[in-house]
Every structure is written in C-alpha cells, then in structure tokens.
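Structure first, commentary second.
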Amino acid sequence: DTSLAEVNSLSPSMPISPSSMINQYKFEDEPQLRDLFITVDDPESHITAIETFITYRVVTKTSRGEFDSSEYEVRRRYQDFLWLKSKLEEAHPTLIIPPLPEKFIMKGMVERFSDEFIETRRKALHKFLNRIADHPTLTFNDDFKIFLTAQAWELSSHKKQGPGLLSRMGQTVRAVASSVRGGVKNRPEMFTEMNNYMETFSQKIIVLDKIAHRIYKEEREYFNEMKEYGPIHTLWSASEEDIADSLKGVASCIDKCCRATEKRMAGLSEHLLPILHEYVLYSEILMGVLKRRDQIQSEFESKVDILANKKTEKDPFAEEIGKLEDKVECANNALKVDWDRWKQNMKCDMRSMFTNMAESNLRYYEECLATWESFLASQTVDPHVEEDSEDRP
Amino acid sequence: MEDCLIKKMEITVSEAEKRTGRNAMNMQETYTAYLIETRAVESQGEGQCAPVDSLWRRYSEFELLRNYLTVTYPHIVVPPLPEKRADFVWHKLSADNMDPDFVERRRIGLENFLLRVASHPVLCLDKMFYSFLTQEGGWKEMVNETGFQLKADSRLKALNATFRVKNPDKRFTELKHYSDELQSVISHLLRVRARVADRLYGVYKVHGNYGRVFSEWSAIEKEMGDGLQSAGHHMDVYAASIDDILEEEEHYADQLKEYLFYAEALRAVCRKHELMQYELEMAAQDLTSKKQQCEELATGTVRTFSLKGMTSKLFGQETPEQREAKIRILEEQIQEGEQQLKSKNLEGRDFVKSAWADIERFKEQKNHDLKEALISYAVMQISMCKKGIQVWTNAKECFSKM
C-alpha cells in the first residue's frame with residue numbers, strides 16, 4: 001500500500017488498484033500499455049421544468065502527462081455522448097467511431113426510463129468510451145479529453161464554440177453533391193471488397209441478433225413453464241406415502257434446473273445480446289465510413305475533371321488538387337489501418353462471445369446433470385430396482 | 001402368481017393396420033385393427049418354439065372386454081385402456097387418431113392392458129378374456145350373450161347411492177379422495193409437461209438457425225470461416241436432437257396416463273361399495289319400518305304419524321280380519337327381509353374383504369411402477385444433459401478456433 005501512495009501522490013483519496021481495474025475491462029490491444037481507465041456508472045434522474053433526463057457518472061483515471069490530474073469525475077447525459085461522437089466523426093471521417101446505444105428502443109417492450117433500459121444504456125456507454133480509449137488515434141482526440149475532464153458548464157461553453165452545426169450541414173451538402181455527381185469513379189478494389197463484405201456481414205449480423213433474441217424469448221417461456229412444473233410433484237407427494245420421497249426428489253431437481261435456466265438466460269442477456277447489438281450498429285457505421293471515403297475521393301475526382309476541362313489557368317487548381325489528393329490518400333490509409341484493426345477486434349469479440357455462450361450452455365447442462373445423477377443415486381439403492389432401470393430401453 | 005396366464009402364454013400386440021369397413025349404420029368407416037399374437041410358453045426344450053396364434057381386434061372390442069370385466073368383477077381394480085383420443089398433446093404431436101405415432105403408442109398401450117389383465121391373479125382366469133385372445137370369430141356375440149350389460153349398475157343409481165349412503169367403510173371414502181387427488185394432480189402434471197415440452201422444442205429448434213447463418217457468414221470470412229462452419233454443424237445436431245428426446249418422453253407420459261386412468265377404476269370400486277352399502281342401509285331401513293308397522297297393527301297404537309293411519313281414522317277402522325291378514329303379510333315380508341339383510345350383509349363384507357385385498361395389490365403395483373417411471377424420467381434427463389454437454393463442448397472447441 002505504501003508503494004501505491006508513492007506513485008499517486010497527486011490523488012490520495014482514491015487508491016488505484018490496477019488488478020481490480022484490469023478485471024473490469026476487456027482489453028482490445030496491449031493491456032500492459034493502458035494508461036487511461038474509464039468507468040460509466042451511477043445513473044441519476046434530473047427533473048427540470050422543461051424535461052426529465054438521466055446523467056451518468058464518468059470516472060477517469062490516468063497516468064498520462066497531458067492530463068492535469070490523474071483522476072476525474074464528471075456527470076454526462078446522453079446528449080453529451082452524441083456530441084462527442086459527432087465531433088469525432090467530424091475530425092476523423094474515415095475512422096471507425098464506435099457505436100452509441102440508440103436514442104430510443106423501437107421494440108416497445110422497454111420503457112424509456114425503466115431500470116432495464118437505463119442499465120443497458122449505461123453498459124453501452126461504458127463500452128463506447130472504452131473503445132475510444134483503446135483506439136490508437138481517437139484516444140488522443142482533444143474533444144475526447146474535454147468530455148472526460150470538463151465540468152458541466154465548461155463543456156457547455158466548449159460545445160458552443162467551433163464549427164458544429166455548420167460543419168454538419170457541410171457534410172450533408174458534400175454527400176448530396178457527391179451523389180449528384182454519380183458517386184465515385186475509380187474506387188480502389190480494396191474498398192469495393194470492403195463494401196461487399198460489409199453488405200453480407202450486415203445481413204448476417206442482423207439475422208444473428210434476431211436469432212439470439214428469439215432464443216432468449218424461448219428460454220424465458222421455458223423457464224416460466226418450468227416454474228410451475230416442479231411444484232406439482234411436491235403437491236402430489238402430499239397424497240402419497242411410499243413414493244413421496246421420489247416425487248419430492250424430482251420436484252427439487254426440476255427446481256434446480258429451473259434456476260440453472262435462469263442463469264443461462266442471464267448469460268445471454270449480459271454477454272451475447274449486447275455484443276451482437278453493438279455489431280449491428282457497427283455495420284451501419286462501417287457502411288457510413290465507406291460512403292464518406294467515397295465522397296472524399298469523388299470530390300477529388302470532380303476537381304480533376306474540372307481541371308482537365310480547363311485548358312488554361314491550371315496553377316491555382318494544382319494546389320487545391322494536390323491537397324485533395326493528399327486528403328484521399330490519408331483517408332484511404334486511415335481507413336485501411338482502422339479496418340484491419342476493426343476486423344481483428346471483431347474476430348476476438350466474436351470468438352470470446354460465442355465461446356462464452358457455449359460455456360454458459362455447458363455449465364447449464366453440467367449443473368442439471370449433477371442434479372439428476374444425485375437424485376438417481378438416491379433412488380437406486382435397492383439393487384433389484386437398479387437392474388430394472390438398466391433394462392429400460 | 002403361479003396360475004397367472006402370463007406365465008403360460010406370451011402375449012403381444014404386434015401390428016396395427018388401417019381398415020375400412022361398414023359400421024352399424026351401414027356407413028363406410030376407417031378404423032385401425034390390432035394384431036394380437038399369442039404363443040404358449042414352453043417350460044422345457046431349448047430349440048422348441050410353439051406356433052404363434054394370431055387374430056385381429058379393433059379398439060371397440062377391447063372396450064367391450066373391459067366393460068365386461070368391470071361388471072363381472074366389481075371388486076377388482078380393472079386395468080384401464082389407453083386413451084381413445086389423443087389428449088395432453090403438445091403442438092408437434094398430432095391429435096389425429098390415424099396419426100402413425102398415436103397408433104403406435106396406442107398399440108403399446110393395448111399390449112400393456114392385455115399383459116396387466118393376464119398377470120392379474122383373478123382376471124387372468126376369466127374365460128371371456130381367454131377367448132378374446134384366442135377365438136377370432138363370434139367373440140362379441142358370446143360376450144353379449146352373457147347378459148353382463150343387464151348386471152351393470154345404472155349411473156343414476158350409483159350417483160344416488162353416493163350422495164345418500166350414511167355409513168360407508170371409511171377406507172373407501174379415503175380411497176375415493178385419494179383417487180380424486182391422483183386424477184387431478186396427474187392431469188395437471190401432464191398438461192404442464194406438454195407445455196414444457198413445447199417450449200423446450202422451441203429452444204432447441206431456434207438454435208438450428210445458427211447453422212444456416214454461420215454457414216453463410218463463413219463464406220466471407222478468411223480466418224473465422226472454418227470455425228464458424230463447423231460450429232454451425234454442431235448447432236444443427238443440437239437442434240435435431242430434441243426430436244428423439246421428446247419422443248422418449250412421450251412414453252413416460254403414457255406411463256403416468258395409465259395411472260390417471262387407473263384412478264377412475266379405483267373410483268368405480270368405491271362406488272360399487274357405496275352402492276352395496278346404500279342398498280344394505282335401505283334394506284335395513286325397510287325392515288325396521290315393516291317391523292314397526294307390524295307392531296303398530298298388533299298393538300293398535302299409532303306411534304308415528306302416517307297418512308294411512310289418518311285415512312283409516314277418517315274413513316273408519318278396518319275389520320279385525322283385515323288387520324290379521326295385513327299382519328301375516330308383513331310377518332312374511334319381515335322374514336324375507338331378514339334373510340335378505342343377512343345375505344346382503346355377507347355380500348357386503350365379502351366385497352369389502354376381496355376389494356381391499358385387490359386394492360392393496362394395486363397400491364403395491366402403483367408404487368413400484370410410479371417409482372420406476374420417475375427413475376426412468378431421471379435417466380432420460382441425464383441422457384439429454386449428456387448429449388447437450390457433448391454438443392456444446394464440440395461447439396466451444398470450434399468457436400475457440402475461430
């Protein structure tokens with residue numbers, strides 16, 4: 001403990017325990033080099049005359065030099081996250097910005113401020129910030145730093161500065177202009193492949209998401225019926241003498257399997273469903289990123305066309321075209337690198353997600369097996385009876 | 001058990017066949033006929049196999065046999081027939097009587113019925129039962145000629161007795177409660193089991209969708225492709241495994257159903273006791289009132305109000321000769337009544353004794369069978385869990401190689 005105090009002379013209030021933090025987060029890249037730890041928790045309701053909204057506590061712990069302090073605690077609402085996301089997209093149009101949870105849930109099962117909804121959103125927001133923190137480029141973004149560190153009024157005033165609305169409009173204008181032009185002409189093969197990949201991936205991930213939800217629903221219905229099934233055996237045992245123990249035994253086994261089913265369902269909803277959903281959102285994001293790259297290239301191409309048509313006065317354009325050419329090259333490189341990174345992470349995420357799912361099912365069956373085997377052992381003490389049960393087909 | 005038919009004869013219901021024929025109203029109907037095969041059991045001789053006799057019977061003939069047995073042996077808990085129509089079905093099972101799975105399960109149920117009767121110490125000796133197994137033609141007529149339908153107690157009579165009996169044997173009253181509870185709890189259990197089966201089916205089958213999607217997804221993945229593809233295969237195996245699992249469970253459900261129907265047989269014996277007890281009470285009451293009348297006439301005192309007494313007061317007394325005649329008739333009736341009461345009493349006691357002996361035999365059989373059924377259920381669950389562990393272990397390995 002004394003060693004910790006030495007390292008963190010600036011912040012004696014909260015002891016940092018790296019091992020506890022390592023357990024909290026899933027690492028994407030090199031865990032040993034992590035120097036930024038973020039948590040999102042403690043949702044609180046705020047009621048004003050105009051509206052009701054939720055804020056979340058965002059706690060940041062860091063050893064980075066560019067941060068004035070090693071620890072920050074701020075409160076942020078969903079709007080603030082939206083702002084951050086749009087600033088990041090603006091600054092890095094061809095980087096893959098992680099998805100935010102949706103504004104509304106269309107399914108209608110969950111109320112806007114229900115505990116379930118808030119918790120799901122909180123986890124997704126936590127994921128969002130951590131994915132940014134793990135991203136080699138985005139982690140050093142200024143707006144990100146301000147988001148993590150500024151007090152509420154500081155953030156408001158910062159938000160008001162800068163291009164903001166106008167730049168968003170500009171993006172839309174560029175997009176329309178690009179489609180009017182007929183889109184990009186000489187898209188590099190690599191990006192066409194990415195596009196094709198994303199189209200199929202998108203379809204598949206949406207179907208997977210649906211399947212997973214369907215399984216959850218079926219498991220819940222199964223659980224509901226099982227809840228009633230066990231107690232009937234107990235009820236029956238009340239009118240029996242000789243077989244009362246066997247009946248009670250079966251009742252207890254069914255109840256235990258019922259609880260095991262509940263655990264399996266919890267596993268689905270905690271691990272499988274959120275990740276699949278995140279990747280459904282990711283596929284939309286990736287399609288968007290590919291479009292933006294195309295737009296950048298088509299802007300460049302159109303300027304080249306204009307230049308080609310103008311026989312004179314090439315010089316002023318040359319510089320502009322040079323800049324656009326660089327822009328295209330940067331965008332392409334940035335996307336290429338980020339794409340490879342995203343694919344690697346996706347593979348890891350999918351692998352661990354499905355492995356988790358398999359393990360959850362394994363645990364379920366192992367628990368049920370143990371329950372029934374112990375019941376069977378208690379029943380077949382009589383060797384004569386044991387013979388009979390072996391003869392059964 | 002030495003004399004039981006089952007020791008001397010192998011009985012199977014080996015086949016079922018769809019038949020068409022004309023019914024009593026000369027309309028064409030389709031029905032299923034079941035092949036009953038019997039063979040004498042050889043006590044010695046290794047290679048010697050007695051020839052197999054066989055005949056075809058349809059469900060209605062089984063019903064006729066059972067009705068005959070319940071009327072002829074009212075003190076016996078007569079084994080029940082498998083259900084006439086498919087009940088407690090979950091969605092995948094057909095409720096259609098012609099459905100091959102239903103027919104198959106009924107075939108097994110009918111065989112079980114015959115084996116139960118053949119192993120019953122009293123029922124196995126019955127001649128009609130033996131002819132049912134061995135005499136193809138004319139059996140129906142022979143059974144009807146016994147006139148057993150006339151001996152059957154009307155439902156109304158039985159219901160009346162149930163409400164009005166004053167002192168039934170407590171054991172039968174308790175047994176009736178028990179059979180009500182048994183029937184209620186087993187029906188409830190079977191209903192919920194069917195719903196559980198339905199839901200379980202859903203869980204397994206939806207996993208089959210993973211197989212297809214994984215396969216399609218693996219086409220665009222270089223590194224993950226193989227892992228996904230092979231995991232998908234295991235998901236298909238998982239989804240398919242539920243069919244066999246649930247089919248086996250149907251046999252368990254059938255075992256419970258047999259005892260659901262046995263509850264009715266138990267109640268029938270209780271009802272018979274109540275009827276006999278009621279008739280005994282009525283006969284005793286009748287005797288008492290006749291004795292009383294006789295006494296009144298003899299002593300000339302009217303102890304209780306009676307309309308006859310009133311009318312005779314209003315319309316004048318009868319002559320001494322008339323009174324004498326009446327007394328003599330009553331005395332004859334009283335004598336008859338006392339004889340009847342004695343024999344009814346004896347009948348009643350015999351019935352209680354032999355019924356209770358069979359009930360004890362039944363209880364032992366029930367406890368043994370139900371315990372075995374519960375054990376077989378556990379064995380099925382264990383098998384299902386082991387299959388699940390196998391599949392998910394394989395799937396996990398495929399996923400970890402992604």
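The values are calculated or read from the model by the stated rules, or taken from the named source; none is laboratory data. Quick caveat: nothing in here was measured; it's all calculated off a predicted structure. We place every Cβ from the backbone using ideal geometry, glycine too, and count neighbours over all the protein chains shown. The protein model used for the area step is the full one, side chains on, heavy atoms only, and it has no ligands, DNA or RNA in it. Shrake-Rupley method; radii C 1.70, N 1.55, O 1.52, S 1.80 Å.
Please verify whether B:Val203 is without any contact (Cβ under 8 Å) to a residue 40 or more places away in the chain, within 12 Å of chain A (Cβ to nearest Cβ), in contact with an Asp or Glu (Cβ under 6 Å, 6 or more places away or on another chain) and of a type outside the set (S, T, N, Q), treating the condition exactly as stated.
Values: without any contact (Cβ under 8 Å) to a residue 40 or more places away in the chain: yes; within 12 Å of chain A (Cβ to nearest Cβ): yes; in contact with an Asp or Glu (Cβ under 6 Å, 6 or more places away or on another chain): yes; of a type outside the set (S, T, N, Q): yes.
Criteria met by B:Val203.
Any chance the range A:245-258 includes a residue that's surrounded by fewer than 16 Cβ atoms within 10 Å (Cβ to Cβ), within 27 Å of B:Asp369 (Cβ to Cβ) and either not aromatic (Phe, Trp, Tyr) or not assigned by the TED database to the domain that holds A:Ala212 (or both)? For the range A:245-258, residues surrounded by fewer than 16 Cβ atoms within 10 Å (Cβ to Cβ), within 27 Å of B:Asp369 (Cβ to Cβ) and either not aromatic (Phe, Trp, Tyr) or not assigned by the TED database to the domain that holds A:Ala212 (or both): present. Going residue by residue through the range A:308-326, is there one that turns out to be buried (at least 17 other Cβ atoms within 10 Å of the Cβ) and part of a helix (DSSP H, G or I)? Checking the range A:308-326: at least one residue is buried (at least 17 other Cβ atoms within 10 Å of the Cβ) and part of a helix (DSSP H, G or I). Determine if the range A:217-227 includes at least one residue that is open to solvent by less than 10 Å² (accessible area, probe 1.4 Å), over 30 Å from A:Leu335 (Cα atoms) and touching an Asp or Glu at 6+ places or on another chain (Cβ under 6 Å). For the range A:217-227, residues open to solvent by less than 10 Å² (accessible area, probe 1.4 Å), over 30 Å from A:Leu335 (Cα atoms) and touching an Asp or Glu at 6+ places or on another chain (Cβ under 6 Å): absent. Looking only at the range A:210-267, filter to residues that are among the hydroxyl-bearing types (Ser, Thr, Tyr), within 9 Å of chain B (Cβ to nearest Cβ) and without any contact (Cβ under 8 Å) to a residue 40 or more places away in the chain; which one of those is nearest to B:Arg193 (Cα to Cα)? In this case the residue turns out to be A:Tyr229.
Listed here are the residues, each with its yes/no results for (1) of a type in the set (A, V, I, L, M, F, W, C); (2) assigned to a helix (DSSP H, G or I); (3) open to solvent by less than 30 Å² (accessible area, probe 1.4 Å).
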residue	(1), (2), (3)
B:Glu332	no, yes, no
B:Gln339	no, yes, no
B:Gly348	no, yes, yes
B:Lys363	no, yes, no
B:Leu374	yes, yes, yes
B:Lys396	no, yes, no
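Residues in the range B:58-73 that are surrounded by fewer than 21 Cβ atoms within 10 Å (Cβ to Cβ) and in contact with an Asp or Glu (Cβ under 9 Å, 6 or more places away or on another chain): B:Val71, B:Thr72, B:Tyr73.
All conditions in (1) within 14 Å of chain A (Cβ to nearest Cβ); (2) open to solvent by less than 40 Å² (accessible area, probe 1.4 Å); (3) out of contact with any helix residue (DSSP H, G or I) (no Cβ under 6 Å at 6 or more places or on another chain); (4) not polar (S, T, N, Q) hold for B:Leu260, with the sole exception of (3).
Assess whether B:Glu248 counts as being open to solvent by 20 Å² or more (accessible area, probe 1.4 Å), within 13 Å of chain A (Cβ to nearest Cβ), not in a helix (DSSP H, G or I) and not polar (S, T, N, Q). Against the criterion (open to solvent by 20 Å² or more (accessible area, probe 1.4 Å), within 13 Å of chain A (Cβ to nearest Cβ), not in a helix (DSSP H, G or I) and not polar (S, T, N, Q)), B:Glu248 does not qualify.
Note on the range A:34-152: enclosed strands (runs of 3 or more DSSP E) holding 3 or more residues that are farther than 21 Å from A:Ala334 by Cβ and hydrophobic (A, V, I, L, M, F, W, C) are A:36-47, A:52-62. Here B:Thr134 clears all of (1) touching a helix residue (DSSP H, G or I) at 6+ places or on another chain (Cβ under 8 Å); (2) more than 9 Å from chain A (Cβ to nearest Cβ) except the condition numbered (1). Against the numbered list (1) touching a residue at least 24 places away in the same chain (Cβ under 8 Å); (2) more than 8 Å from every other protein chain (Cβ to nearest Cβ), B:His368 comes up short only at (1).
Identification of helices (runs of 4 or more DSSP H) wholly contained in the range B:114-209 with 1 or more residues that are surrounded by fewer than 19 Cβ atoms within 10 Å (Cβ to Cβ) and more than 23 Å from the chain's Cα centre (by Cα) yields B:127-134, B:139-145, B:155-164.
Within the range A:356-372, the residues that satisfy the criterion of being crowded, with 22+ Cβ neighbours inside 10 Å and more than 7 Å from chain B (Cβ to nearest Cβ) are A:Met357, A:Tyr364, A:Thr371.
Among the residues of the range B:218-227, count how many are facing chain A (nearest Cβ under 9 Å) and either modelled with pLDDT of 95 or more or open to solvent by 10 Å² or more (accessible area, probe 1.4 Å) (or both). Quick ask: steps written out before the conclusion?
So in the range B:218-227, the residues facing chain A (nearest Cβ under 9 Å) come out as B:219-221, B:223-224, B:227.
Keeping just the survivors that are either modelled with pLDDT of 95 or more or open to solvent by 10 Å² or more (accessible area, probe 1.4 Å) (or both) gives B:219-221, B:223.
Counting residues in the range B:218-227 that are facing chain A (nearest Cβ under 9 Å) and either modelled with pLDDT of 95 or more or open to solvent by 10 Å² or more (accessible area, probe 1.4 Å) (or both) gives 4.
Conditions tested, residue by residue: (1) in a helix (DSSP H, G or I); (2) at pLDDT below 85.
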site	(1), (2)
B:Leu287	yes, no
B:Lys290	yes, no
B:Arg303	no, yes
B:Glu324	yes, yes
